[in-house]
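I am attaching a structure below and will ask some questions about it afterwards.
Just so it is clear, none of the values below were taken in a lab; they were calculated from the coordinates. Since the model is a prediction, treat every value here as computed from it, not as a measurement. In this analysis, Cβ positions are derived from the backbone assuming ideal geometry, glycine residues included, and neighbour counts consider all displayed protein chains.
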Amino acid sequence: MASTDSTTTLAKERPEDIADVGAGLDALDAVQVRRVPLGEILRTKALPPLLGLLLVLAVWQGAYSLELTSSYKLPSPADVWDSLVELWEAGTLFSIIWTSVWRGISGFLIAVVIGTPIGLLVARVKPVRAALGPVLSGLQSLPSVAWVPAAVIWLGINDSMMYTVILLGAVPSIANGLVAGIDQVPPLFLRAGRTLGATGLSNARHILLPAALPGYLAGLKQGWAFSWRSLMAAELVASSPDLGLGLGRFLENQRESASMSGVLLGIILILFVGIAIDLLLFAPLERRVLRNRGLLAGSRY
């Protein structure tokens, strides 16, 4: 009764506040999700990067035309294009790219399978966190190329060595990303999950991982970046006919033959793959997570 009387009194004394709250709730309910036209998507998403690329090419061509340095050190964009055409005509372009992409993606997926349970244990078990937390942080800051000599001695120059280097580079980033995401989960969610009977693996699957998804996704993106960097470091250092020709080995071969246009082409291809994976995989996932949490209510692209 006292609660009812106080509510009635508040409504009588401050009706404008109640009206403001109602208007705010109506505004939230009235948010419309609209599909953005293709032309607007191209103008806002595709045009700025394209203009940036054209600017880089213009500066590059200008530096070459002004002969700021020798053509041996800085070939023209046309020279790099000719190197790309040579690979295309030789039929080796896609095989070189695919060799590295397959290793990178498969190694990253293995790292996700290993890094996710490690992250859960570190985040939820205090003794494990005290023991492994600093180790994971230290491994994450260690340059991936430092693992290549050790992996070669342990396993030899083969695919197992490549995947080992990838895992040592990616697993700490994925685990640390998940730990950071779980640390940001409100305690109320965990208490509500326990109240509903979610414990153990059920709690991790239905409460922790969904609630920690933004931080986990950031860890996955960083894990992919470390996977790709680790693979390129391994391919640059290790050479064997059994490994095939990937982008890192192609880059090193061009360096050994003193072909600067080939070196720049290798760098561009490595950069292209990294950007493509981010745009095709992680960007849509990130948009979907934000949209599901009501943070992209004004658009659907």
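Among the residues of segment 44-87, write down those that are surrounded by 11 or more Cβ atoms within 10 Å (Cβ to Cβ) and in a loop (DSSP other than H, G, I, E, B).
Scanning segment 44-87 gives Ser71, Leu74, Pro75, Ser76.
Scanning segment 94-115 for residues that are among the aliphatic types (A, V, I, L, M) and touching a helix residue (DSSP H, G or I) at 6+ places or on another chain (Cβ under 9 Å), which turns out farthest from Ile182 (Cα to Cα)?
It comes out as Ile96.
While we're here: Quick one: which helices (runs of 4 or more DSSP H) sit completely within segment 88-180 and have at least 2 residues that are farther than 23 Å from Pro214 by Cβ, over 21 Å from the mean Cα position of the chain (by Cα) and among the small types (Gly, Ala, Ser)? Let's see the steps before the verdict.
Working: elements: 93-124, 126-141, 147-155.
Qualifying helices (runs of 4 or more DSSP H): 126-141, 147-155.
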